[in-house]
Amino acid sequence: MNLAELSIQEAGGMLRDGSITSQDLTLDALDRISAGDGSIHAFIRIDRNAALTAARQADSELRSGIDRGDLHGIPYGLKDIFDA
């Protein structure tokens with residue numbers, strides 16, 4: 001299964017039914033960033049440890065029945081849109 005091709009709705013459903021974890025999604029995203037960002041430089045800063053810590057927390061919460069909304073457990077990149 002290619003995790004990068006899942007829609008947010010599909011990934012969210014799979015997170016909630018336990019067929020994937022946030023850690024799976026996050027590791028896949030981090031691996032894709034590592035493989036391609038050297039040539040396109042889309043990311044200024046990548047905090048792998050923080051991303052994986054947040055993924056483990058989301059997995060724990062979802063297993064415990066805590067659901068913080070549609071994006072809970074879905075990794076995303078934050079775009080800096082401020083002009084300095």
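The values are calculated or read from the model by the stated rules, or taken from the named source; none is laboratory data. Not measured: the values here are computed from a predicted model. With ideal geometry, Cβ positions are generated from the backbone for all residues, glycine too; neighbour counts draw on all protein chains shown. Protein only, heavy atoms only, side chains kept; ligands, DNA and RNA dropped before computing areas. Shrake-Rupley method; radii C 1.70, N 1.55, O 1.52, S 1.80 Å.
Accessible surface ranking for Glu10, Glu61, Glu5, 1.4 angstrom probe, highest first: Glu5, Glu10, Glu61. Short-range pairs are left out: with C-alpha atoms under 8 Å and at least six residues apart, the relative contact order of the range 6-84 is 46 percent.
In this label model, Arg45 and Glu5 are separated by 3.5 nm, measuring between points 7 Å along each Cα→Cβ vector. Summing +1 for each Lys or Arg and -1 for each Asp or Glu among the other residues whose beta-carbon sits under 14 angstrom from that of Ser64 gives +1.
What figure in square angstrom, to the nearest 10, would you give for the accessible area of Ser39 with a 1.4 Å probe? We get 100 Å² for Ser39.
Carbon and sulfur: what percent of the chain's accessible surface (1.4 Å probe)? Could the numbers behind the result be given before it?
Details: 3270 of 6250 Å².
Ligands and nucleic acids excluded, carbon and sulfur reach 52 percent.
When the chain is treated as a GNM with alpha-carbon contacts under 10 Å, the residue of Ala42, Ala29, Ala55 showing the greatest mean-square fluctuation is Ala42. Once the 1.4 Å probe is applied to the protein heavy atoms, the chain comes out at 74 Å² accessible per residue.
Given Cβ point charges of +1 (Lys, Arg) and -1 (Asp, Glu) and nothing else, what value in debye, to the nearest 20, does the dipole of the chain about its Cα centre take?
Numbers: 8 positive and 14 negative charges, 41 e Å.
Charge dipole, the chain, about its Cα centre: 200 debye, nearest 20.
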